[in-house]
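Undergrad: Encoded as structure tokens, here's the structure I'll be asking about.
Read the figures in this text as sums done on the coordinates, not as results from a lab. Here the structure is a predicted model, which is why all the values come from computation and not from measurement. FYI the Cβ positions are ideal-geometry reconstructions off the backbone, even for glycines, and counts take in every protein chain you see.
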Amino acid sequence: MELGQLREKLPLYSLDTEFTFGKYRSETIEMVIYEDVKYITWCIENVKDFVLDDKAYKVYNQELSASNLDDDKDDWQFPGAPDHSSYYDD
């Protein structure tokens, strides 16, 4: 079965769909995308038949990309530079 056919048969989660399970029960997909995009990733990977519709997936993908850029900023250091993080530990 092709992806398009599979998507037609599965219930799709839209931005205004409310979670019926988990720590975000009664919250919308859109709110969780902006508050905890990694939870959406977890759902995609672990919850059977958790499939976002096209619009929700686009917003998810944009937020995930922005989140990954923010994560990279925190961990980035010049290649070859010594790690000075231990100097700041109490």
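Undergrad: Using modelled backbone amide H atoms (1.01 Å from N, in-plane), which distant-in-sequence or interchain residues come within less than 5 Å of L52's amide H?
TA: Here the answer is Y13, since their amide H atoms fall under 5 Å of that of L52.
Undergrad: Can you give the convex hull volume of the alpha carbon atoms of the range 3-72 per residue, in Å³?
TA: Enclosed volume per residue, from the Cα hull, is 91 Å³.
Undergrad: Go through the range 9-74 and name the trypsin sites (Lys or Arg not before Pro) that are in a DSSP coil and have 15 or fewer other Cβ atoms within 10 Å of their Cβ.
TA: Hits after loop and neighbour filter: K23, R25, K48.
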